[in-house]
Amino acid sequence: MQPFINMITRKNFIRALLLISGAIAFISSPQLSSAGSPLTLTPLTWNVIGLDSNDPSVGPNNFPVGVRACNPSGNPTITDVEADFVWLSGGTETDDSLIRLRPGSLDPIQPNPQVDLAPNICHDFYFEVELERSASAYDKTRRYRIDVTYTDPDFIGQQTVSTPTPREIYVEYLISQSRNSPTNVFIG
């Protein structure tokens with residue numbers, strides 16, 4: 001009978017660990033609100049982007065990088081919300097031409113008309129990151145953050161909240177599947 005009790009205890013212990021790890025993952029989600037700020041930010045996109053592994057001159061080389069700005073319930077309306085993409089030092093990228101914002105991508109994003117966020121309203125901001133079509137871009141990283149600035153009626157002047165840092169873009173080898181297409185069909 002004793003081994004059965006130990007098995008139940010171990011099973012409950014494992015369940016408790018899973019429950020605790022799930023709670024920790026929920027609590028430490030990448031949502032950020034600075035102290036006293038009504039605005040929360042949540043990254044919307046993966047930081048892993050890439051080029052075709054067979055030939056970097058084909059396939060996509062522009063990728064969206066975004067953040068969702070939300071005004072939770074119970075807060076006053078915040079106004080003049082805009083976003084700015086900021087490159088940080090660090091990462092393996094030493095040549096800014098390999099990982100950059102696409103020329104013409106808005107930065108900062110200042111919507112016209114200005115975005116106002118009433119309680120329970122969110123707005124998504126997307127920037128376009130462009131990769132140099134070169135094999136030297138593979139496995140490179142470049143650190144960044146996104147700052148969202150707004151006017152809060154409870155404070156004088158502009159307030160800024162940033163995405164969790166460090167965030168970095170990583171350039172992966174994208175596996176091309178075109179070589180797996182049928183080349184012939186036989187009817188037997």
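The values are calculated or read from the model by the stated rules, or taken from the named source; none is laboratory data. If you're wondering where the values come from, they're calculated on a predicted model, not measured in any experiment. Surface areas here come from the heavy atoms of the whole protein model, side chains and all, with no ligands, DNA or RNA. Shrake-Rupley method; radii C 1.70, N 1.55, O 1.52, S 1.80 Å.
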Quiz item: What is the distance in Å between the Cα centres of segment 37-81 and segment 102-130?
Solution: 10
Quiz item: With every protein chain in place, what's the accessible area of E130 (1.4 Å probe, Å², nearest 10)?
Solution: 30
